[in-house]
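Undergrad: Mind having a look at this structure? Questions to follow.
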Amino acid sequence: MTRKSGLDRSVRPVPGSAPQIRLPRLNRFVLGNGLRVVAVKHDDMPEVSARLLLTFGSLEDDRERAGTALLTARALTEGTTRKSAGEVARALDYLGARFRIDVNHDSTMLSLRFLSRVFDAALEMMAEVVTGPAFDASEVDRLREERLDEIAAGMDEPRTVAGLRANEAIFGTHPYGLRAGGVDETVRRIDEEALRAFHSCRYTPSEATLIMVGDLPEQAELERSLESTLGCWQGEAGERKVIEAAESTPGRRIWAINWPGPQSEIRVGDVAISRSDPDYAPALIMNAILGGLFSSRINMNLREDKGWTYGAGSRVEARKLRGPFLVATAVDSRASVGAVQEILGEMERMKSDPASEEEMELAINSLTLSLPRLFETVGQVSGRVAHQVLHDLPDDYWESYADLIRAVTREDVQRISKRLLDTDRSAIVIVGPIDEFRSELEELGRVESRDVFGNLSDS
């Protein structure tokens, strides 16, 4: 016997109200040594995510020793003045703590996740590796060789080569054009003295913010614990470099890197916007419509209509300074030039063919309705708070984020498209069997032959 449900399945259900983000209050205070602290009570589980955000990254590297910031951070857990590398590893294992290091151009993040019952011991471990790394010569040599192996392995991947060369073609000699972890010749120059000098100059309380989310002690006890563990951290920061934002290079640049095989890796990009740009929200919507979603114009064109690729997409990477806009795809090599033409065509169409109401709705929903899933764990919450701290965003930023995105209009999207999508100044990088289509490629502009390291070549 079939029981009637009472539902009319011919009528589409009415969606409920959009989910709202409600974060606990950000509790801010400063330790006696100047270390800023942002604490968030999130005690559903007995765990803590602690992130030490240092407001410097590879932009502070000397160009001749690019990769110093990364190797300095990696060396922190490879032995301290009190413990060997093995003893540090065993101590972290004993606490059940997970230590992670992230270094990009703008920042260095040291993350430690642990159960709240080992709170003081975990903080003591963080303080020890941050304030007293040994920079033992043998450990630094090993880290340097590991980094060189990583760099060499990347040169075997056309996807990696395309990404590296695209940044260089877009940014030129600006520090954003060089990968955060350095290149072979710069990493080879790094020794323990370079790491020690970088640490002394940059790893200071005034350069840092400690973000703690989870099952935290009450305020008085929290301050006492932090003063007793990290309060002894001292040091004066060295003078920071003055680095201006990159500007777009006039004229189209086409870099052709020969790589035999059935596919070509394609990158098309330009200098875009900073995270503080008033047009940040419109740029997110524009990118979602152009190439940020599966249903985006570029992916529907190259994948669904032409069948040239498994996927094509774009991103706007807004940094402290103006970051890149980049389109990326891999296509059948026979379609290499056609794919570039279609990408450039879609970029132009964003300026001339305004976003439809359907495209706007889909882009806005994709950026807002999934937001609650990014705040489910203490690690996710601390990561979002770190983003706020790094970019000087207001405390209620994430609560107001959805309204900010929904306020973007079709006119805003068309305006930012005209501002950012200038195909006459785009950098185009193709890694593939260039000789098969070079004459066609030259119809798009002057082609520069480069090797996998970005050097001009004769072929």
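Undergrad: Might you let me know whether region 136-151 holds any residue that is under 19 Å from G57 (Cα atoms), in contact with a strand residue (DSSP E or B) (Cβ under 8 Å, 6 or more places away or on another chain) and not aromatic (F, W, Y)?
TA: No, region 136-151 contains no residue that is under 19 Å from G57 (Cα atoms), in contact with a strand residue (DSSP E or B) (Cβ under 8 Å, 6 or more places away or on another chain) and not aromatic (F, W, Y).
Undergrad: Another question, if that's okay. Of all the residues that make up region 399-424, how many are within 30 Å of E157 (Cβ to Cβ) and modelled with pLDDT under 95?
TA: Number satisfying all stated conditions: 0.
Undergrad: Looking only at residues that are modelled with pLDDT under 95 and charged (D, E, K, R) in region 25-60, which one is farthest from L222 (Cα to Cα)?
TA: Applying the filter and picking the extreme gives E60.
Undergrad: Right, R315: in a helix (DSSP H, G or I), basic (K, R) and at pLDDT 95 or above or not?
TA: Criteria not met by R315.
Undergrad: Does region 246-264 contain at least one residue that is assigned to a loop (DSSP other than H, G, I, E, B), of a type outside the set (A, V, I, L, M), open to solvent by 30 Å² or more (accessible area, probe 1.4 Å) and under 24 Å from L54 (Cβ atoms)?
TA: Scanning region 246-264 turns up no residue that is assigned to a loop (DSSP other than H, G, I, E, B), of a type outside the set (A, V, I, L, M), open to solvent by 30 Å² or more (accessible area, probe 1.4 Å) and under 24 Å from L54 (Cβ atoms).
Undergrad: Just the residues that are closer than 26 Å to N455 by Cβ and within 18 Å of the chain's Cα centre (by Cα), please, taken from region 233-276.
TA: Within region 233-276, A246, R267, G269, D270, V271 meet the criteria.
Undergrad: Check region 89-104 and report whether any residue there is buried (at least 22 other Cβ atoms within 10 Å of the Cβ), over 25 Å from the mean Cα position of the chain (by Cα), on the phi > 0 side of the Ramachandran plot and not aromatic (F, W, Y). Please lay out each step first, then the result.
TA: In the first step, residues of region 89-104 are kept if they are buried (at least 22 other Cβ atoms within 10 Å of the Cβ); the result is 103.
Cutting the leftovers down to over 25 Å from the mean Cα position of the chain (by Cα) gives us none.
Looking for residues that are buried (at least 22 other Cβ atoms within 10 Å of the Cβ), over 25 Å from the mean Cα position of the chain (by Cα), on the phi > 0 side of the Ramachandran plot and not aromatic (F, W, Y), one finds none in region 89-104, hence no.
Undergrad: Still on this model: Are there any pairs, at least 6 apart or on different chains, whose C-beta atoms fall under 9 Å, with the first in region 342-359 and under 12 Å from N301 (Cα atoms) and the second among the aromatic types (F, W, Y) and surrounded by 15 or more Cβ atoms within 10 Å (Cβ to Cβ), and if so, which?
TA: Listed pairs, sorted by first residue: E342/W308.
Undergrad: Out of (1) in contact (Cβ under 8 Å) with a residue 24 or more places away in the chain; (2) in a helix (DSSP H, G or I); (3) not aliphatic (A, V, I, L, M), the odd one out for T160 is which?
TA: Condition (1) is where T160 drops out.
Undergrad: Considering region 395-418 alone, what residues qualify as being surrounded by 15 or more Cβ atoms within 10 Å (Cβ to Cβ) and within 15 Å of E346 (Cα to Cα)?
TA: Result: V413, Q414, I416, S417.
Undergrad: Turning to a different aspect of this structure: Can you name the residue in region 30-63 that is out of contact with any Leu (no Cβ under 9 Å at 6 or more places or on another chain) and not in a loop (DSSP other than H, G, I, E, B) and, of all such residues, is least open to solvent (accessible area, probe 1.4 Å)?
TA: Checking each candidate, the answer is E60.
Undergrad: Let me ask you something else. So which of L222, L226, L195 ends up being more than 24 Å from the chain's Cα centre (by Cα), buried (at least 21 other Cβ atoms within 10 Å of the Cβ) and either hydrophobic (A, V, I, L, M, F, W, C) or part of a helix (DSSP H, G or I) (or both)?
TA: On inspection, the qualifying residue turns out to be L226.
Undergrad: Inside region 129-152, can you point out the residues that are of a type outside the set (G, A, S), more than 23 Å from the chain's Cα centre (by Cα) and open to solvent by 50 Å² or more (accessible area, probe 1.4 Å)?
TA: Selection gives T131, D136, D141, R142, E145.
The values are calculated or read from the model by the stated rules, or taken from the named source; none is laboratory data. Note that the structure is a prediction, hence the values are computed from the model and not measured. Note: ideal-geometry Cβ built from the backbone for every residue, glycine included; neighbour counts use all protein chains shown. The accessibility values were calculated without ligands, DNA or RNA, using every heavy atom of the protein model including side chains. Shrake-Rupley method; radii C 1.70, N 1.55, O 1.52, S 1.80 Å.
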